[in-house]
Structure formats: C-alpha cells, structure tokens
C-alpha cells in the first residue's frame, strides 16, 4: 500500500487493515460500506464488489480520468483501480495480466467484466483502426449475452456459461484483437427451466423485436405462449426491453463483421430450436405389437424442414427410430414416446450448444490478431462462482471443481507474490500456515482414481450402467478419504446422518460441504447424440446447420466414441489454469447482497455464506501473513514526519534514515517493524492505527498553532490597513473641502452674471414687443376703415345678403343632383373593383374621394363579415406582411400569391418527429426546414425550425432531437436584405442564456411568412413589436467574434438560394439575384 486513502473512507477500505479480524467484523465493515454506496472494498490488491442493484454515479468519464494512471491505494477502492493497475503493468512493465471475476449468479460478474473492458477501452490509444478493434471487442458482449444469458430466480441477466477473453495489445498498449473461450454452456435450459425463470434471451428478443416479415420468413408467431420450450408465466422482464435488445444484437453482429446472410442463418437455426419444442409425438404399435412413436402434427415438422431444406421423412425417421450398426449389419429399432421426446430434446440442446460454439468461433475470426509481432495479453475471466443448491447435480459438481482450481491458484500466486516482495526488500520470510485444497482437487481430477476418471470409466463400461453402480464404486474407492462422505461410508463409521440421502455423496470443499445427487451424472457426462440425428442434420441443405454436424458426413464415418462432458471440461480447466499461471493475476470477488434484487437491502446470512464460499477470511489471513502493511519510505516520512521534532518540518537526510529516526522516537516495539531496502514493513494493523491516531492529534495541535498565528497576522494587517486608510481619508477630505468652497464661489459669480444678462435681455424684449403691437394696431385700423368704405359704396347697387342665398341654393341643388345620380350608379360589391363615377364639378372632388373611401370601407366590411375565421386570419397575416415588407423587400411581391401554411413538415403524421411534436405541446405556430450558415466557411446545413408561442427550436433533422432552444423574449431584432433571397439573421440579446452562442444566420424558403409569424408571436408574447432591419449590410455576432454580412446583387445564377463567400476573417458576402 502506498497511501492511506483506504483509511479515509467509510469503515475500512482494505480488510487487511481490519482489527480485530473476525467474520463478524468483516460482515459489519461490508454492510456499513454498502449502505453508504461504497460497494468496493480491498483485500490488498483484490477487489470485493457488492452488487448495488441500482445505477451509481461512479462510472462517469470524470471517474475514468480520476483513476487513470493513479496509484492503486491513493484513491478510494474502485474496480477502475484494479483495471488501471492491470493495464499499466501490461503496458509499462511488459507483464501479461489476467482479471479473475468470480461470484454467485446475480453478484454482478457480467457487469464487472464489462466495466473492466470499457475502462481499458477508454484509457488506451485512439485512432480509426484502434477504435474499430475496441468497438468489436465491446460489441461481442450483447451477442454473447443474448445467446448465453437467461433470467433465473436469482438474476434477471444471469450468464449461463463461463467466459474467458484474451485481449491482445501491441507494444504501445493499443488493442489489436482478442480470443474468447467459453466453458460449460447450460444447454439443458433450452428444453427445461424452473417456474419463474426464462429460456435464453435470444428467443424472446427474436419474437418481440423481429419484424413481421422476418417472423413470417422464419415461420414464427409473435406470441411466446405458443412454444413449448418457453415458460408461459415469465415472458417479459421489468426494465429489460427485448425488442430494443434484439435491435442492439443485430447492430452488434453487423459491427463485429457478420454478413447479412450469416445473421439470417443464425436466426433460422434459432427458430429451428424453438420449433423443435412444438414437435409432439403419438403412441402407435407395429404389426409385431412392438411399441413405437410417430409425429402427431406434420405441420411443425414440415416448417422445420422448409427452414433447413431437408426432406420431412428423413427428420421423422431420425426422431422416431434409431439405427444400431454392428460389424455385419445395421439394425433399425423404433423408439417409444418417452424415448422420442428424449431424442427431440437432445437434438435441440445439441443444435443450440453447437450454434453457440460457432458464434464464439465466428467472433474470434473477426477479432483475432493477424500480425506476427510480439503481443501483450490481458485475460478477463467471467466464470460461475461456488454453488450450493438444495439439489446439486453434475453441473454444480464441475462448477465447484473449477472454483477449487481457482482457489488453489489464488493461494499459490498470492503466497508467491508475498514471498517475492519480502525477498526483494531483504525482509525475513515467515512461512504461512494455510489450507491446501490440493487433496480436494486430486479427489476430483486424479487421472486414475479421481471422481471424473471413475465417472468416465463407468460410462464406458459394457453392460448395464447406472448411477447406483457409479456411487458404489465411489464408496469403495474413497471410504478412507476425509473429504468424501456418503450414507455407506458414514454407516461404516457408525455415524447416523439423516441429511445425507442414499443416492447422494458429499465433498468437503474449501468453501463448505456440498451434497451431490448422482441422478443424471452418467447421462449428462455421456452427452451422446444418436448418429441418425447427426446424419439427418448433415443431409440438410442449410449451410450453417450442416457445418455444425461434421460427424454426420457418410463419406467420413467415425466409430470413435466422442469424449465425455467431464473429460472435456477437465481439459478446458487445465488449459485455463496453465494460461492463468503464465499471467499476473488480478482478482474481483463479486457478492450478491440479497435474494430479491432490490437496492439498499443487505441480508447478513446470504452475504456471510458467500464470504465463506469465496474464502475471503482466508484471503485476508494470507495477505496479513508476516506484515500486514508496507509503504515506501518517502510517502511514509511525508505523512508522519510531523510526529518527531528531528524530522519536522524538513528532514535533510535519506528517507530511510528519516523513517528510522521518526519511529525510534515513538517508542514502538521493534518486533512490529522491519526495514526493507525501499519500504517500511509494519506487522499488525493496531500499530498502524496507533500511528494514525497520533498523527490526527498532532495535526489538530498544528492546526491550532497555525490558526493562532494566522489570527495575529490578520489583526496586525487589519490595524495597518486602518491606519493607512485614516491618513488617506484625511487628505482626501481636506482637498474635497477646498474644492467645494471654490466651486461655491464660482457658482455665485456665474449666477450674478446670469441675472444681469437676463435683466438686459428682458428689457430689450419689452421694447421690441411694444413697437410690434403699435405696428399691428395701425395696420388693423387701416384695414377695417378701407372695408367699411368699400361696403358703403357697393350697397347702392345690391340687396343686402341676396348673393349668399342664391349661392347656397345653387350649391344644395347641385349636391342633391350629384348624390341622387351616385345612388343609381354605384359600382359592384367586389372588393377589388376600383371603378367610381367621376365628380361633375371640380368643387366636388374632395367630397367624391371621401365618399369613394367610405363606400370601399363599407364594401370591404361586408366582404369580411362573410369570410370564415381561417380566411380572416390568413388575410390578417398577409396584411401584417404588407406592413412589414411592402416597398422594402423584392421577395414580397413573389409571396403575394403563396398561401401561408405554417406547418410544412407534417409533425403529427411522421412518427420520427413525435418527440418534437411533444416539445411544441400544442403551442405550434410554424414548422419548416431552414439552413444554418456556418460562419467559418459559409456552408449551410439543414435544421428543423419550430416556432411555438414561447420558444424557437432548432433541431437536427436526422436525429429529430432539439439542438438549440431560444426564448422569444431573448430575441433582440431580425435583419433581412432588400433582395429576393431568403437570408435572415436572428439577433439574440447578449444577456440571455442563448446569447452565449451568438446570433443565428439562417436561410428560409418561406421568409415572408416566417418573419410575419415571428413578429405576430413576439407581439402577442412580449407585448412589444419585433425590430425589423432591412439593409444590404449588417453585423452578425457569433460566440467569439462579430462579422459583417453584405448582400451583393448579381445577374449570374448561383443555384437555388443565396451563396455565401468568405471575405477575410470578419466579412461574408451574400450573392443574390
């Protein structure tokens, strides 16, 4: 350990430092950390992971950067720490690595392996080839999960196979490819699974996510209840979308490199397995009276044969009879109905198992490394943990055998690592007492007297073979073995054990006692498939299915018995162990906290059993053998130097001498310490915790001293600042007083001068007004006198007032005649009719024009009253457009004949835009496609423009996702050119949220309508008119700078829209027609 980060967490981050060390304290520590969302705990460099059953925010990109190139113990325990440590050891020290992930079903092994792979993919190099390899390695997970995972009682996404992936890297640490190995697929799940569980995911994904055309091609129905191999009560899972996952599987297969024909072939074979479960048999008798079976419904067999291109009679013969070959002849025997169902299920299991192996090989072909250069390898092992069920069969036997081998390699490699470090540091090695499980491994795997060897021998023995003879042989062979028990061996020792049935045997594994039921051992170990079925599959013309049964080729007959399942698994485990021994191991132990898959629930009994199964306490004791804690001298001196006066605050000698001086001054028992070449070793955690408690007390004392010194310095600084401020304030005040006195004297002088100038001006004004009044009075008196003289002279000739009356009479007569004539000659009621009778006399011209206007307004009102509301709104929009653009923009005349539609995209009809429709939420005003102009190169990209009653939304047309949302109140103004182009600029207020992105330079094919509706919506929303600028040149502000946009008219046709050209760094030219 290089730091004390494991102590600065909830509980104890490293169980090696737990004191006292008991099973109860381990449980309390794990539970305390689990409830605080700290799901990772160390045992040295082993990571314990407790499944939280909920998403946690500890896997972000920021977390990846935090653990990248970090010291393993310098940060909180995390799976990223062990992944980073393994990757850096591989890259920098040229050591091959392996990450071993074990635990019960539902403990989170699959997610842990994904996290390790995703972290390595995130921190390794970049590049097109590297990214392609990383994508293929990561995309193998969805495919293998679909075909190899299933829902069980304990886990909704349980891996029903063991997986080991070797990822190969070049000398730089960049991935080149990989190889995947699988172990013991639970193929029996194809034909049988318990209530509440499901078959493999791919069956449900295919039925839920496959298109109608695909299901028709595969001759399948979407209803899961129609298939015998699928449970009727657990067809769907909460939180798991089979249809979406099926699409992800198809995409993953395509990314890995599967051709469309290969994907189709895989799905066809999957459909064949599913339909085999619907093959029903009926009982019948031959002429001799012998019992036989036949196909009950020929339709299912016909559809299967059509899929694999096989003659129906061949498949029916293979399912209902068996051919036994001797040296002289072939004998065909009929099968009973139970035997026929056994043959049907065996065929389904074998097809699916071989298909899964073919998928593994096909993925390996795509991700294999083709270069011959030396490679570095990191292996990731995701394999089943130790299993103890109520009824344990052959599968649990081989799984627990594999875990015994993993425990064996863990103990040996851990002790080897500890011993190497002690030797490297020159510290005396202390032998460690630990349980050696070699006796258990030999009990199972010994080539002559092991359980697996005896099971193979019993399977090959001629004569009647059953589980009873096999159990009797085990009882005789292992009667004296302390790790083997059965009813017979216990009775021989005079021990009555009612918990051990007669048909069972018990093995004392390192994790506890497990009782195995021998029923089905021989059948599962034989794993035989009748030759008739292999030959029938070979006769099929389906390329993939035929390749899965090479032994069915009649040209290459083989009478050699295939290896048993036990011997195959044993060989695979031996190969795996050899592979792991050649690499540096890294361990992740996964724990399931409860049975109900709910967060924040910690079941003590369940976790305690897993702690025993995983041997965690044994792991801690091995890690604590000798010295529990070790640290390099430099960080140790840096952390604890404050405890000694000689080393505080600065030690000038070597770090080793500094640590010796420091620890010698603390009166620590010398037996607790050992000084290596580069590290200090501490025997017990109690000594370490004592150091930590002393350090915490000393830190408190130093903190108090620092605080007192700081407060004194702060008070003196405050006093000096106040004294300096008082001097400055006094100087400023005296200056201000003299300045104020001067300004008051200056203001008084100016006031006196102003009063004198005003008095002189008012005196002159009174004289001028008096003179003007005299002139006006004289003129008025003269005019009145002349008028009086003139009227007196003309009264001699005319009667007083006669002319005025005659004039009024004639005027009224002419007006009456004009109005009566106008009544009989009114124009039509068409609003567009401009005809109007001319005025008969010149003095009627003004009145005639007013009557024309009044009539036109009345006629227009009549016309508007009969219009429908939608037509009125359209004309109102046109009127608004006229007020905004008439006489200002050339494009306005072209828009007169174009109706305003508002919605040009069909948001409601197109399901692609469903999310955008929900964003508008019934407030849609206009939806259209626009083009957004890039300031850097003048190129335009298409955007979806949505105007609502409160926002403007710019969205990506491909993803149909909003990219920019602008509140209407954030729009400052709009600028357009005076030409017939569709270019416009949305000027955004700088103080708004959207203002940080700058203005938007856009192009629209419906510019007049867009600006008109934007003007009306802004007016309705903000009660303010939208500022509209019509100019040939305007400034556009972007995020970091501003550029000038100038419109230039050209006679050369530039395409369907305006063309933008870059002129320097801060200028764009728009070429318009």
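Go through the range 253-344 and tell me which strands (runs of 3 or more DSSP E), entirely inside it, have 1 or more residues that are more than 22 Å from residue 192 (Cβ to Cβ) and free of Cβ contacts under 8 Å to residues at least 24 places away in the same chain. Give the derivation first.
Numbers: elements: 281-285, 291-295, 321-325, 330-334.
Ranges flagged: 281-285, 321-325, 330-334.
Considering 301, 324, 269, the condition of being over 17 Å from residue 228 (Cβ atoms) and touching a strand residue (DSSP E or B) at 6+ places or on another chain (Cβ under 7 Å) is satisfied by 324 alone. Could you say whether any residue in the range 170-182 is out of contact with any strand residue (DSSP E or B) (no Cβ under 8 Å at 6 or more places or on another chain) and crowded, with 20+ Cβ neighbours inside 10 Å? Checking the range 170-182: not a single residue is out of contact with any strand residue (DSSP E or B) (no Cβ under 8 Å at 6 or more places or on another chain) and crowded, with 20+ Cβ neighbours inside 10 Å. Pick from the range 356-375 the residues that are surrounded by fewer than 22 Cβ atoms within 10 Å (Cβ to Cβ) and in contact with a helix residue (DSSP H, G or I) (Cβ under 6 Å, 6 or more places away or on another chain): which of them is farthest from residue 441 (Cα to Cα)? For the range 356-375, the residue satisfying everything is 366. Residue 1037 falls short of the stated requirement of being touching a strand residue (DSSP E or B) at 6+ places or on another chain (Cβ under 8 Å) and either in the same structural domain as residue 944 (by TED's automatic domain parsing) or modelled with pLDDT under 80 (or both). Tell me which residues, restricted to the range 305-339, are within 17 Å of residue 191 (Cα to Cα) and under 48 Å from the mean Cα position of the chain (by Cα). Across the range 305-339, the qualifying residue is only 319. Of all residues assigned to the range 137-150, at least one qualifies as being outside the structural domain of residue 56 (by TED's automatic domain parsing), over 30 Å from residue 613 (Cα atoms), modelled with pLDDT under 85 and surrounded by 19 or more Cβ atoms within 10 Å (Cβ to Cβ).
One line per residue, one yes/no per condition, for (1) modelled with pLDDT of 90 or more; (2) loosely packed, with under 10 Cβ neighbours inside 10 Å:
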| position | (1), (2) |
| --- | --- |
| 721 | yes, no |
| 739 | yes, no |
| 765 | yes, no |
| 770 | yes, yes |
| 789 | no, yes |
| 800 | no, yes |
| 804 | no, yes |
| 810 | no, no |
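Candidates in the range 215-242 are the residues that are surrounded by 14 or more Cβ atoms within 10 Å (Cβ to Cβ) and more than 22 Å from residue 301 (Cβ to Cβ); of these, the one that is farthest from the chain's Cα centre (by Cα) is 231. Of all residues in the range 878-888, which are over 16 Å from residue 1013 (Cβ atoms) and in contact with a strand residue (DSSP E or B) (Cβ under 7 Å, 6 or more places away or on another chain)? Within the range 878-888, just 888 meets the criteria. Does residue 98 satisfy the condition of being modelled with pLDDT of 85 or more, surrounded by 15 or more Cβ atoms within 10 Å (Cβ to Cβ), touching a helix residue (DSSP H, G or I) at 6+ places or on another chain (Cβ under 9 Å) and farther than 30 Å from residue 596 by Cβ? Spelling it out, residue 98 is indeed modelled with pLDDT of 85 or more, surrounded by 15 or more Cβ atoms within 10 Å (Cβ to Cβ), touching a helix residue (DSSP H, G or I) at 6+ places or on another chain (Cβ under 9 Å) and farther than 30 Å from residue 596 by Cβ. Scanning the range 83-95 for residues that are in contact with a strand residue (DSSP E or B) (Cβ under 6 Å, 6 or more places away or on another chain) and crowded, with 24+ Cβ neighbours inside 10 Å yields one hit, 86. Of the residues screened, residue 842 is not one that is in contact with a helix residue (DSSP H, G or I) (Cβ under 7 Å, 6 or more places away or on another chain) and without any contact (Cβ under 8 Å) to a residue 12 or more places away in the chain.
With the condition kept exactly as written, say whether any residue in the range 658-674 is part of a helix (DSSP H, G or I), under 49 Å from the mean Cα position of the chain (by Cα), closer than 23 Å to residue 74 by Cβ and not assigned by TED's automatic domain parsing to the domain that holds residue 74. Yes, the range 658-674 contains at least one residue that is part of a helix (DSSP H, G or I), under 49 Å from the mean Cα position of the chain (by Cα), closer than 23 Å to residue 74 by Cβ and not assigned by TED's automatic domain parsing to the domain that holds residue 74. Within the set 620, 611, 607, 659, the sole residue that is in contact with a helix residue (DSSP H, G or I) (Cβ under 6 Å, 6 or more places away or on another chain), in contact (Cβ under 8 Å) with a residue 40 or more places away in the chain and closer than 29 Å to residue 414 by Cα turns out to be 620. Looking across the range 396-410, the residues that are over 24 Å from residue 607 (Cβ atoms) and surrounded by 19 or more Cβ atoms within 10 Å (Cβ to Cβ) come down to 397, 398, 401, 405. Scanning the range 807-850 for residues that are more than 27 Å from residue 867 (Cα to Cα) and not in a helix (DSSP H, G or I) gives 837, 838, 839, 840, 841. I'd like to know if the range 545-563 contains one or more residues that are under 42 Å from the mean Cα position of the chain (by Cα) and assigned to a loop (DSSP other than H, G, I, E, B). Scanning the range 545-563, I find at least one residue that is under 42 Å from the mean Cα position of the chain (by Cα) and assigned to a loop (DSSP other than H, G, I, E, B), so the answer is yes.
Mind counting the residues in the range 75-87 that are touching a helix residue (DSSP H, G or I) at 6+ places or on another chain (Cβ under 9 Å) and farther than 22 Å from residue 581 by Cβ?
Going through the range 75-87 one residue at a time, the tally reaches 7.
Contact map, the range 720-741: first residue on the phi > 0 side of the Ramachandran plot, second residue surrounded by 10 or more Cβ atoms within 10 Å (Cβ to Cβ) and modelled with pLDDT of 95 or more, Cβ cut-off under 8 Å, separation 6 or more or different chains; the map is empty. One residue stands out among those in the range 601-616 that are under 18 Å from residue 155 (Cβ atoms) and surrounded by fewer than 19 Cβ atoms within 10 Å (Cβ to Cβ): the one that is nearest to the chain's Cα centre (by Cα), which is 601.
Residue 513 passes every criterion in (1) surrounded by fewer than 19 Cβ atoms within 10 Å (Cβ to Cβ); (2) in contact with a strand residue (DSSP E or B) (Cβ under 6 Å, 6 or more places away or on another chain); (3) assigned to a helix (DSSP H, G or I) apart from (3). Consider the range 144-155 and keep the residues that are part of a loop (DSSP other than H, G, I, E, B) and within 11 Å of residue 199 (Cα to Cα). The one that is nearest to the chain's Cα centre (by Cα) is 151.
Looking at 458, 387, 421, can you tell me which residue is surrounded by 12 or more Cβ atoms within 10 Å (Cβ to Cβ), touching a strand residue (DSSP E or B) at 6+ places or on another chain (Cβ under 9 Å), more than 27 Å from residue 613 (Cβ to Cβ) and touching a residue at least 24 places away in the same chain (Cβ under 8 Å)? So the residue among 458, 387, 421 that is surrounded by 12 or more Cβ atoms within 10 Å (Cβ to Cβ), touching a strand residue (DSSP E or B) at 6+ places or on another chain (Cβ under 9 Å), more than 27 Å from residue 613 (Cβ to Cβ) and touching a residue at least 24 places away in the same chain (Cβ under 8 Å) is 421. Is it true that residue 853 is modelled with pLDDT of 85 or more and in a loop (DSSP other than H, G, I, E, B)? No; evaluated as a whole, the condition is false for this residue.
The values are calculated or read from the model by the stated rules, or taken from the named source; none is laboratory data. Quantities reported herein were computed from a predicted structural model and do not represent experimental measurements. Don't worry about glycine lacking a Cβ; one is built from the backbone with ideal geometry, like all the others, and counts go over all protein chains shown.
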